[in-house]
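Before any comments, here is the structure.
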Amino acid sequence: MNAATPQVRQHYAQAGYAGRLLTALRAAGKDLDRLTRDDLAPFEEFHIGGRDATRELAQLAGLHANLHVLDLGSGIGGPARTLAAEFGCRVTGLDLVDEYVEAASELTRRAGLADRASFQPGDACALPFPAAHFDAVVSEHMTMNIEDKATLFVGVRRVLRVGGVYALYEICAGTGSVEYPVPWAATPTISFLRPPDELRRLIENAGFAARDWNDVTAQATQRFGVLASLVGGWHGSPPALGPHLVMGHDYAEKIGNLLRNLQQGSVRVVMAAFEPR
Ligand SMILES: C[S@@+](CC[C@H](N)C(=O)[O-])C[C@H]1O[C@@H](n2cnc3c(N)ncnc32)[C@H](O)[C@@H]1O
């Protein structure tokens with residue numbers, strides 16, 4: 001376990017979280033016994049670009065029906081449900097935070113996708129799976145909470161079969177200082193950003209070769225600007241369903257800071273696919 005892991009858990013954990021999401025969905029008039037993916041779309045994917053970005057990552061990775069995919073840092077399960085529903089994958093989600101695992105399982109069951117996506121608690125740096133267990137591993141906006149990235153990537157390589165793919169969509173360090181709070185960290189103590197070329201080298205050193213490596217900062221900035229404008233229009237009174245459900249009460253400040261960090265170049269965003277060497 002990384003020294004900061006308890007603080008990372010504390011940053012995301014919210015007691016009674018699944019129940020609160022269901023209460024918000026009910027308040028928005030949704031049928032809890034028959035949730036649709038559209039019902040969940042306003043909040044279920046906790047990364048820049050939401051569902052569109054997950055689709056792009058899946059396409060970059062070449063994901064298709066029946067592949068067994070490990071989603072590292074699966075949050076409340078939005079990306080896993082997208083991979084299951086739209087690409088036909090069988091997804092195992094792993095997340096550090098018990099409340100997220102519980103919410104991911106509950107929402108997935110109520111959306112009728114439990115036969116294709118399941119979730120379990122665990123630390124991405126100590127993967128509880130046999131070697132060569134998965135056809136693909138994905139991570140979206142997760143590595144910035146992990147200090148010991150070398151251990152993380154060695155573990156990813158171990159659980160991936162030969163001919164598989166590791167696809168990631170991650171935030172990296174840019175130049176200049178980062179303004180906090182941001183969605184993944186209230187303070188720098190749990191934020192471990194590395195410059196893009198360093199992140200790439202760490203992955204390669206774990207036994208991977210880059211198949212695609214794209215700096216998508218400009219597109220991410222544009223997309224996040226659209227979200228920030230939307231949120232700004234709420235003037236502190238968000239609708240029942242929105243990003244505040246995953247980011248907490250200071251969602252507007254976190255979104256504003258991340259947009260400024262993107263615009264000022266103090267963070268960068270990469271989307272990449274690697275194959276085992
Ligand atoms: C910004 S959220 C992204 C969630 C999800 N990937 C998505 O895009 O919707 C980061 C997630 O990574 C998880 N996480 C952070 N450190 C982790 C670790 N060491 N092992 C497993 N999950 C971790 C957090 O609990 C959180 O759910």
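The values are calculated or read from the model by the stated rules, or taken from the named source; none is laboratory data. Just so it is clear, the model here is predicted, and its values are computed rather than measured. All Cβ positions, even for glycine, are placed from backbone atoms using ideal geometry, and neighbour counts span all protein chains on display.
Table: residues versus (1) surrounded by 17 or more Cβ atoms within 10 Å (Cβ to Cβ); (2) modelled with pLDDT of 95 or more; (3) under 18 Å from the mean Cα position of the chain (by Cα).
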{"residue": "Ser237", "(1), (2), (3)": "no, no, no"}
{"residue": "Leu241", "(1), (2), (3)": "yes, yes, no"}
{"residue": "Gly248", "(1), (2), (3)": "no, no, yes"}
{"residue": "Ala252", "(1), (2), (3)": "yes, yes, no"}
{"residue": "Ile255", "(1), (2), (3)": "yes, yes, yes"}
{"residue": "Arg260", "(1), (2), (3)": "no, yes, no"}
{"residue": "Val267", "(1), (2), (3)": "yes, yes, yes"}
{"residue": "Ala273", "(1), (2), (3)": "yes, yes, yes"}
{"residue": "Pro276", "(1), (2), (3)": "yes, yes, no"}
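The sole residue among Leu168, Leu160 that is under 17 Å from Gly73 (Cβ atoms), away from the ligand (no atom under 16 Å from the Cβ) and crowded, with 16+ Cβ neighbours inside 10 Å is Leu160. Inside the stretch 15-31, can you point out the residues that are touching a helix residue (DSSP H, G or I) at 6+ places or on another chain (Cβ under 6 Å) and not in a helix (DSSP H, G or I)? The answer is Lys30, and nothing else.
Beta carbons closer than 9 Å, at least 6 apart along the sequence or on distinct chains, pair a first residue in the stretch 132-145 that is touching a residue at least 24 places away in the same chain (Cβ under 8 Å) and aromatic (Phe, Trp, Tyr) with a second that is away from the ligand (no atom under 15 Å from the Cβ) and outside any helix (DSSP H, G or I) for Phe134/Leu67; Phe134/His68; Phe134/Leu160; Phe134/Arg161; Phe134/Gly164.
Of all the numbered requirements in (1) outside any helix (DSSP H, G or I); (2) surrounded by 14 or more Cβ atoms within 10 Å (Cβ to Cβ), Ala209 misses one, and that requirement is (2). Among the residues of the stretch 70-88, the one identified as of a type in the set (Ser, Thr, Tyr) and over 9 Å from the mean Cα position of the chain (by Cα) is Thr82. Here Pro188 passes the criteria (1) touching an Asp or Glu at 6+ places or on another chain (Cβ under 8 Å); (2) away from the ligand (no atom under 15 Å from the Cβ) except the one numbered (1).
The number of residues in the stretch 1-14 being closer than 17 Å to Gly75 by Cβ and either assigned to a helix (DSSP H, G or I) or of a type outside the set (A, V, I, L, M) (or both) comes to 7.
Filtering the stretch 135-157 to residues that are part of a strand (DSSP E or B), of a type outside the set (Val, Ile, Thr) and more than 9 Å from the ligand (Cβ to nearest atom) leaves Asp135, Ala136. Going by the conditions given, is Leu94 of a type in the set (A, V, I, L, M) and more than 9 Å from the ligand (Cβ to nearest atom)? So Leu94 fails the test. For Glu56, the conditions (1) of a type in the set (D, E, K, R); (2) more than 12 Å from the ligand (Cβ to nearest atom); (3) in contact with a helix residue (DSSP H, G or I) (Cβ under 8 Å, 6 or more places away or on another chain) are fulfilled apart from (3).
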